1. Considering only the range 1-20, how many residues are farther than 13 Å from residue 41 by Cα and in contact with a helix residue (DSSP H, G or I) (Cβ under 6 Å, 6 or more places away or on another chain)?
2. Please indicate, with yes or no, whether at least one residue in the range 49-64 is surrounded by 10 or more Cβ atoms within 10 Å (Cβ to Cβ) and touching a residue at least 12 places away in the same chain (Cβ under 8 Å).
3. Taking the range 33-87 only, how many residues are closer than 30 Å to residue 19 by Cβ and in contact with a helix residue (DSSP H, G or I) (Cβ under 9 Å, 6 or more places away or on another chain)?
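The numbers here are math on the coordinates, done by the rules we state, and not lab data. This one's a predicted model, so the numbers in the text were calculated from it and none came from an experiment. Counting neighbours? That spans all protein chains shown, and the Cβs are built from the backbone with ideal geometry, glycine included.
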C-alpha cells in the first residue's frame, strides 16, 4: 500500500515510490493519507478504506440514536395515554 507525503509549505504530494525514485529531496515531508500523488496519481487505499469504514460507523450510530429517540417518544406517548386515545 502506498503512503502519500506532502512537502511542507508546498502543494507537491508524492507517494513513497515516487519519493524513492526521485532520490533525496530536501525539506520536511509530512504524511497526507487522503491526498493523491502529484506524479503518478497513486492513493493510500488503506487510509481511504479506514475513512470509509469510520464514516459508515458514524452514519449507523446516528441512525441508531435517531431510532432510539423515536422509540423513546413513542414509549412516552404510550405511557401518557396507554389506551391509544389521541386527543
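1. 1
2. Yes.
3. First pass over the range 33-87, keeping only residues closer than 30 Å to residue 19 by Cβ: 33-55.
Keeping just the survivors that are in contact with a helix residue (DSSP H, G or I) (Cβ under 9 Å, 6 or more places away or on another chain) gives 33-34, 37-40, 42.
Selection size over the range 33-87: 7.
For (1) closer than 22 Å to residue 54 by Cα; (2) surrounded by 13 or more Cβ atoms within 10 Å (Cβ to Cβ); (3) without any contact (Cβ under 8 Å) to a residue 60 or more places away in the chain; (4) touching a strand residue (DSSP E or B) at 6+ places or on another chain (Cβ under 6 Å), each residue gets a yes or a no:
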residue	(1), (2), (3), (4)
11	no, no, yes, no
23	no, no, yes, no
34	yes, no, yes, no
37	no, yes, yes, yes
